Amino acid sequence: MRLSLLSLLLSVVIFTPACSQTRADKPVASVVPAGPKGATVTTAKYPQPQPVTGKPGEFPVQHTDAEWKKLLTPDQYYILRQEGTERPFTGKYHDNHAAGTYYCAADHNLLFTSATKFDSGTGWPSFFAPATVASVKVKSDESFGMSRDEIVCAKCGGHLGHVFDDGPKPTGQRYCMDGNALVFEKK
Ligand SMILES: [Zn+2]
C-alpha cells in the first residue's frame, strides 16, 4: 500500500504533459527556429488535417483494448491508446535528422516526412505539416486545464500528440508528436 502510494506520488511529480504550452501562449524565440532558408512556398501547399467528427466507423482500423495490448509495445500502447505522454528527450526521434518517413506505430499509416521536420528544442519530434490530408485528424483537448488541439492518427484514431500555432515558416504550425507513437523508415 505504502509502495503504491509512493509510486503514485512519484508519477505525479515526474509527469510532464506533452507540449504543455497552451494555444494562448506566445512563442518562445529560442524554441522556434526560423523556417527553411529561402522557402517561398505557401501554406496552401501543405495539408490541413480534418477535424474528428466522432461518427461511428470514422477510424477504419479498429481493435479491442485487449488486442491493442497484444499488438503494441507498452510504450506505444501508453501513448496511442491511453493518450499518454513520453517525457521530453526520452522518446524516439526527437533528435533524428535522417531523411525518411514517419508512420503510425499501430497501423503503418503515413503521418509525416523528414521534409517537414524541424528542431523545436522541446524534446519531442516536431513537424510543421502532416504528410497528407489523410494522415492525421485534429480534436479539441481540454485536459489538464489547458485548451489544446490534439492530433490523432486518421486511420486508427490513436493519440499522437498536439498541434500549436507557434511553429516555423512556411505554415507556422508545430505538430508536437510523441516519438513512441511513430515508426521511422529511412529513405
Ligand atoms: Zn494509426
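The values are calculated or read from the model by the stated rules, or taken from the named source; none is laboratory data. Owing to the predicted nature of the structure, the values given are computational and were not obtained by experimental measurement. Here Cβ is always computed from backbone atoms with ideal geometry, including for glycine, and neighbour counts include all displayed protein chains.
Below, the figures for the structure above:
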read-out	value
Tabulated pairs, segment 108-119, first in contact (Cβ under 8 Å) with a residue 60 or more places away in the chain and within 16 Å of the ligand (Cβ to nearest atom), second among the aliphatic types (A, V, I, L, M) and not in a strand (DSSP E or B), C-beta under 9 angstrom, 6+ apart or interchain	L111/A131; L111/A154; L111/A181; F112/A129; F112/A131
H97 vs. criteria away from the ligand (no atom under 16 Å from the Cβ), of a type outside the set (S, T, N, Q), modelled with pLDDT of 95 or more and not in a helix (DSSP H, G or I)	yes
Cβ-Cβ under 8 Å pairs, at least 6 apart or on other chains, segment 147-163 side more than 16 Å from N180 (Cα to Cα) and small (G, A, S), far side within 7 Å of the ligand (Cβ to nearest atom) and part of a loop (DSSP other than H, G, I, E, B)	A154/N109
Top-ranked residue of segment 162-187 - restricted to ones that are among the hydrophobic types (A, V, I, L, M, F, W, C) and away from the ligand (no atom under 16 Å from the Cβ), ranked as surrounded by the most Cβ atoms within 10 Å (Cβ to Cβ)	C176
Residue tally, condition within 16 Å of the ligand (Cβ to nearest atom) and under 11 Å from the mean Cα position of the chain (by Cα), over segment 138-161	9
Filter result for V133 (surrounded by fewer than 23 Cβ atoms within 10 Å (Cβ to Cβ), in a strand (DSSP E or B) and not small (G, A, S))	no
Lone qualifier among S143, S126 - being at pLDDT 95 or above and polar (S, T, N, Q)	S126
